[in-house]
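Structure record follows, encoded as structure tokens.
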């Protein structure tokens, strides 16, 4: 146990996050808002030890839980007014890491992942969504069960604030950055003639870019990132042999839609409660909604005889796109994204209108939207429709319009 504690303390040390940020070109502004910050070198030894160990100290609370106003959170809140406390000395790395960090956001999921459905292979896309939903749910739930803190300022610079209220371990950005590229690689093996070493290199680069970006923006410790990658790797190792069985059940079982909808709804309802509101539960419900919609759409498409298999015989060849096929692919993408945005906007408006009216609360009140009886069904329904649209409505529309390669 002492060895485990030393391992955790070492990789959860927030000073290592600060060191990585400085290595990549961030440095502290000596003067912010007309006043001088206490420099890291001026901290007393007790302060340095507290900052290095604060993550470990949080773990020793009852059941690993933190109080709503833990010391690290209180300190972070006190210093939030000085959030712009850094300057960028390497703009190239800065923008690369900001781009990497965006690869784990809703904007990326709704605009980039559907490309796999419309311009690559629906079977591969379905497996990507399956692994993504399971690993992300496990990671999000683990955050609110373990309740380990994110890096604090000081010592780490905070370049993001949206998910600051969430807990840190494991990093769900690292989970997604491992799940998506490696699932695409494994699902394509044997189905396509691919260069496996090249695919492995590209998947690894994707994973490293996103994972390191979370250290750069000060949102995770090294331990958070390692835990996210490890969780996904373990699931892929033990879960991959069952992927074909899951895929066949989704397509051919007459009970699949009912079981998918009920299971995803129950997982959302019984999601572990945190001691304070954060975006974690809402993001988890979005993920579950997308998963439910995609898998129901797969069953629906198969039941009504739609066949979107690539042309040719197995294993399929991967070739560089021609100018014509590239133009068609871009057209499919633009049409698809516009349709998804319309679906998302319409379903969000309608579901909030109905739910808020039923609960007798104002639709535009942000606090009302955070209530479980409103947040869970409205996000689950909205993003189930988005997932269904991505995997069925858009392909049918594209086929009807004749937008095919």
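Annotations for the structure displayed:
- Of residues in the stretch 187-207 being within 17 Å of the chain's Cα centre (by Cα) and in contact (Cβ under 8 Å) with a residue 24 or more places away in the chain, the one nearest to residue 5 (Cα to Cα): 207
- Some residue of the stretch 110-120 being buried (at least 23 other Cβ atoms within 10 Å of the Cβ) and either touching a helix residue (DSSP H, G or I) at 6+ places or on another chain (Cβ under 6 Å) or touching a residue at least 40 places away in the same chain (Cβ under 8 Å) (or both): yes
- Residue within the stretch 130-150 that is buried (at least 22 other Cβ atoms within 10 Å of the Cβ) and touching a strand residue (DSSP E or B) at 6+ places or on another chain (Cβ under 8 Å) present: no
- Contacts under 7 angstrom Cβ, first residue in the stretch 302-331 being over 22 Å from residue 251 (Cα atoms), partner assigned to a strand (DSSP E or B), 6 or more apart: 317/193; 318/192; 318/193
- Condition met for residue 394 (loosely packed, with under 12 Cβ neighbours inside 10 Å and either within 26 Å of residue 261 (Cβ to Cβ) or under 28 Å from the mean Cα position of the chain (by Cα) (or both)): no
- Any hit, the stretch 165-172, residues being part of a loop (DSSP other than H, G, I, E, B), on the phi > 0 side of the Ramachandran plot and in contact with a helix residue (DSSP H, G or I) (Cβ under 9 Å, 6 or more places away or on another chain): no
- Filter result for the condition that a residue is surrounded by fewer than 16 Cβ atoms within 10 Å (Cβ to Cβ), at pLDDT 85 or above and touching a strand residue (DSSP E or B) at 6+ places or on another chain (Cβ under 9 Å), over 90, 82: 90
- Matching option when the condition is touching a residue at least 12 places away in the same chain (Cβ under 8 Å) and either assigned to a helix (DSSP H, G or I) or over 30 Å from residue 306 (Cα atoms) (or both), among 234, 225: 225
- Residue 215 meets all of the listed conditions (1) crowded, with 23+ Cβ neighbours inside 10 Å; (2) more than 22 Å from residue 16 (Cα to Cα) but one, namely (2).
- Residue list for the stretch 253-274, filter: touching a helix residue (DSSP H, G or I) at 6+ places or on another chain (Cβ under 7 Å), in a helix (DSSP H, G or I) and surrounded by fewer than 18 Cβ atoms within 10 Å (Cβ to Cβ): 261, 269
- Taking the conditions (1) crowded, with 23+ Cβ neighbours inside 10 Å; (2) free of Cβ contacts under 8 Å to residues at least 60 places away in the same chain in turn, residue 180 satisfies each one other than (2).
- Residue 213, sole failed condition from (1) in a helix (DSSP H, G or I); (2) under 27 Å from residue 88 (Cα atoms); (3) more than 18 Å from the chain's Cα centre (by Cα): (3)
- Conditions (1) closer than 20 Å to residue 368 by Cα; (2) touching a helix residue (DSSP H, G or I) at 6+ places or on another chain (Cβ under 8 Å); (3) surrounded by 13 or more Cβ atoms within 10 Å (Cβ to Cβ): number failed by residue 354: (2)
The values are calculated or read from the model by the stated rules, or taken from the named source; none is laboratory data. Small disclaimer: the values here were computed from a predicted structure and weren't measured. Virtual Cβ from ideal backbone geometry, glycine too; neighbours counted across all protein chains shown.
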